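For reference, the structure discussed in these notes is given below.
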Amino acid sequence: MSNFIIAVGHTASGNIGCGVVARLDESNCTRIIGALVAEYLQQNGHGVNLLRVDASNSYNFQDCYLRANEANEIAKYSEIELFVEIHINAGGGSGPEVCVAGKSEVANQYAAKVSNALANVLNLTNRGVKTQSLIVLNRTVMPAILVECLFADSSDASVYNAEVIARAIVNGLVGIENSSDDVWKLGWNRNNIGWWYSTDPTNKYYYTAENGWKEIQGEWYVFDSKGYALEDAWYYDSSDGFWYYLDYECKMVRGSRDKPLWVWIDGWCYAFNEHGQMYCNCVTPDGWRVDESGAWIK
C-alpha cells in the first residue's frame, strides 16, 4: 500500500492568506475535502499524513512554505508516493484541473487520473493536467500534485459535494484497478471506497460511466469512471438536461406517476418525478413551488 501526504490549501477563513470566498469558501471546503480524502485512503489500507496550516502572519504565502517544509520533514522518515494539495479554483471558469510541476511522470499520471475522476463524477468539463510553477510543487521533494476541484465563483458551486469530491479524488489515486486484494463476485461488490457491479468476476468486468444508466433488479444506478456506483450524490444527465439524485443505497430516487417524491438533501427539499428527474422552477403536480435550483420555496 502507498503512503500519501494530503495537504489542505490556504489558511483558515478570516486569517491572512485564506483562499477565495465566493459562492464557496475555499479554505473551509479544502479542510472538509482533505479530511475525507485522508479518511477514505486510510480505510483502504493506505498510509496518510494530513497537513493543515490554520494561521499565517504574512501575505507572502507563508502557509505554502510551511506545508512544503512539513511534507519534506515527513519524507525523511517515510517513503511517500505522492503529495496531494487540495484547492478550489476561482476566475469564473468551470471544471476540475490538476497542476503539476512537470518534473515527475508519477505526478503526471496521478494528475490525469484525479482530474478525469472529478470531471466524470461532477459532470463538468475536464480541464486536465496543467504544468505550473507553484510553491508546494516546486519545493516538495516527492512527486506532487495540486488539485483544483472546481470553481467557487461559477455554476460549478451548485454541484459542490465534499464527499463526492473526496471519493473521486481517492478513486483517481487508488481506484478499483489497484484493488487486487478485493474478492470479486458476480453482481454487487463492495470495498472501503464504494460499491461496484461486476458482470464477469473472473475477468473483472464491471460497469463504468461509459455504460450510462443501468437498471438492476428494477432499480436504476449510474457509475463513475472507476466503476463505483454514485452514492448520496447528484448526477446531471447531459443527454436529457435533468438532475437526478442517487441515495445512500446508490439507487435513483424517484416518485410515482401520480405523486412526486420529496427528499431532504443538505438542508433543502427537492421533488423528483417517476423517472427520477428533479422538478425545477415550476409548480410540482402536488401543488408546491420549487425554484431554479429545484429547492422547495417555503
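What follows is calculated from the coordinates using simple rules that are stated; it is not laboratory data. Note that the coordinates shown come from a computational prediction; the quantities given were computed from them, not determined experimentally. Here the Cβ positions follow ideal geometry from the backbone for every residue, glycine too, while neighbour counts run over all protein chains shown.
Quick one: which of 205-214, 121-130, 41-50 comes out on top by average Cβ neighbours within 10 Å, and what's the full order, highest first?
Taking the mean over residues of other Cβ atoms within 10 Å, the ranking is 121-130, 41-50, 205-214.
Quickly rank 161-171, 256-266 as a protection proxy: mean count of other C-beta atoms within 10 Å, highest first.
161-171, 256-266
If I model a spin label as a point 7 Å beyond the Cα along the Cα-Cβ vector, how far apart are those points for ALA157 and LYS298 in nm?
2.1
Rank-order 285-293, 106-114 by packing density, defined as the average count of other C-beta atoms within 10 Å over each peptide's residues, highest first.
106-114, 285-293
Using a cut-off of 17 Å between alpha-carbon atoms, which aspartates and glutamates can reach LYS130, once sequence neighbours fewer than 8 places away in the same chain are excluded?
Answer for LYS130, where 17 Å is the Cα cut-off: GLU85, GLU97, GLU105, GLU148, listed by chain and number.
Given axes a ≥ b ≥ c from the Cα gyration tensor, I'd like to know whether the stretch 27-174 is rounded (a/c under 1.5), prolate (a/b larger than b/c) or oblate.
rounded
Given the pairs LYS214/LYS259; LYS76/LYS113; LYS76/LYS185, which are separated by over 30 angstrom at their Cα positions?
Check vs 30 Å cut-off fails for LYS76/LYS185.
In nm, to one decimal, how far is the ASN281 label point from the GLU105 one, both placed 7 Å along Cα→Cβ?
4.9
Between TRP264 and TRP288, with labels modelled 7 Å along Cα→Cβ, what's the label distance in nm to one decimal, could you check?
The answer from the label model is 1.1 nm.
On a full-extension model of 0.36 nm per residue, what is the gain between ASP54 and LYS214, subtracting their alpha-carbon distance, rounded to one decimal in nm?
Using 0.36 nm per residue and subtracting the Cα-Cα distance, I get 53.2 nm.
So what is the relative contact order of the chain, in percent, for Cα pairs below 8 Å that sit 6 or more residues apart?
It comes to 13 percent, rounded to a whole number.
When the Kirkwood radius is taken over all Cα pairs of the stretch 98-234, what Stokes-Einstein diffusion coefficient follows at 4 °C and 1.567 mPa s, in µm²/s?
81
Output the relative contact order of the stretch 97-189, whole-number percent, from Cα pairs under 8 angstrom with separation of 6+ residues.
The normalised contact order for the stretch 97-189 reaches 35 percent.
Can you give the FRET efficiency for THR125 and SER256, using 1/(1 + (r/R0)^6), R0 = 41 Å, r = Cβ-Cβ distance, to the nearest 0.05?
0.70
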